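The values are calculated or read from the model by the stated rules, or taken from the named source; none is laboratory data. Computed from a predicted structure; not experimentally measured. Note that each Cβ is placed from the backbone with ideal geometry, even for glycine, and that neighbours are counted across all protein chains shown.
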Amino acid sequence: MNKRKKTAGFVFGGLTILVLLAFAFPFFWMLLASFKTQAQIMATDQLLFFTPTADNYASVFKEYDFLKYIWNSLVVALGSTLFALLLGLPAAYAIARHGLHKLGLIILVARIIPGITFLIPWFILFSQVNLVDTYTALILSHMLVGLPFIIWIMISFFEALPTEIEEAGLIDGCTRHQVFLRVILPISGPGIITSSLLSFIFSWNNFMFSIILAGDKTKPLPVAVFNFMSYSEINWGALMAAACIITLPVLIIALLAQRYVVSGLAAGAVKG
């Protein structure tokens, strides 16, 4: 029996390593390519061993004004996440505590419908009110996915909280709003962090909405990578450096908040 368990553990460990390598290799190759020249990237004999250069990163910031695109992505991602939290947390709490299943179904349908379905109506609407190429248009469009996402994660999380906690707050003299703000939200930290992080990542990486609704003033990072592609060639080194820059903030946030993400998803799965 012990031998069988050891064998199963060895096989499982080996398969896990293979899966991790398969997923990690593109990021590893991207990181290496960001420190290579165009000739080194194309040379098969310099895949792993080469003389690194930081010119690609210097080019990204000096020639392509990447700080502007970073700022645009940051404003849109933070704005859409914060507004989605302001609307989504009370909505999720109301649905969880008052059994508003029809409203929950409507939100689920909005989450299931492909976002591209809304692009043409959005473009026409925002064009009529002169909101194309504004942060407002991008934040509202990103909230279409971020808001239902936050609501559905937090519904399960709020349902898992015992009602006795709220009753204790009411006995102490709190109103319903005070119970929600002072009691429920503080103990819902892992769920809030989880939902807001996933919403932020979606907005940060979103390309489809931004390619239509953004312009020169509000162009975010995923759209800005087109600057490295021309009709005649692709600047692979600068493109890989830009991809690393786009990935780094999300990776750092995910690593710092991974403990809260795991606990939040686990708590939300109790009754979800």
I'm checking my understanding of the structure. Among residues of the range 15-39 that are under 21 Å from Glu233 (Cα atoms) and free of Cβ contacts under 8 Å to residues at least 12 places away in the same chain, which one is surrounded by the most Cβ atoms within 10 Å (Cβ to Cβ)? Trp29
Please state which of the following conditions Gly268 fails to meet, knowing it meets all the rest: (1) closer than 27 Å to Pro114 by Cβ; (2) at pLDDT 75 or above; (3) buried (at least 22 other Cβ atoms within 10 Å of the Cβ); (4) not β-branched (Val, Ile, Thr). (2)
Qualifying positions in the range 1-40 - part of a helix (DSSP H, G or I) and among the small types (Gly, Ala, Ser): Ala8, Gly9, Gly13, Gly14, Ala22, Ala24, Ala33, Ala39
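Of everything in the range 228-244, what is surrounded by fewer than 18 Cβ atoms within 10 Å (Cβ to Cβ) and not in a loop (DSSP other than H, G, I, E, B)? Give them in sequence order.
Passing the criteria: Met229, Ile234.
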Subset of the range 46-70 [within 15 Å of Leu239 (Cβ to Cβ) and assigned to a helix (DSSP H, G or I)]: Asp55, Asn56, Tyr57, Ala58, Ser59, Val60, Phe61, Phe66, Tyr69
Checking Ser195, Ser199 in turn, the sole residue that is at pLDDT 85 or above and within 30 Å of Phe226 (Cβ to Cβ) turns out to be Ser199
In the range 130-158, which residues are surrounded by fewer than 17 Cβ atoms within 10 Å (Cβ to Cβ) and farther than 21 Å from Leu78 by Cβ? Asn130
From the list Leu86, Leu105, Leu125, pick out the single residue that is without any contact (Cβ under 8 Å) to a residue 24 or more places away in the chain, within 19 Å of the chain's Cα centre (by Cα), surrounded by fewer than 17 Cβ atoms within 10 Å (Cβ to Cβ) and part of a helix (DSSP H, G or I). Leu86
Failed condition for Pro220, given (1) surrounded by fewer than 21 Cβ atoms within 10 Å (Cβ to Cβ); (2) at pLDDT 85 or above; (3) within 17 Å of Val132 (Cα to Cα), with all others met? (1)
Residue list for the range 11-36, restricted to those being among the β-branched types (Val, Ile, Thr) and under 31 Å from the mean Cα position of the chain (by Cα): Thr16, Ile17, Val19
Residues satisfying the stated conditions in the range 168-227, i.e. among the basic types (Lys, Arg), free of Cβ contacts under 8 Å to residues at least 60 places away in the same chain and not in a helix (DSSP H, G or I): none
Pick out the one residue from Val76, Val60 that is more than 18 Å from Asn206 (Cβ to Cβ), surrounded by 15 or more Cβ atoms within 10 Å (Cβ to Cβ) and under 24 Å from the mean Cα position of the chain (by Cα). Val60
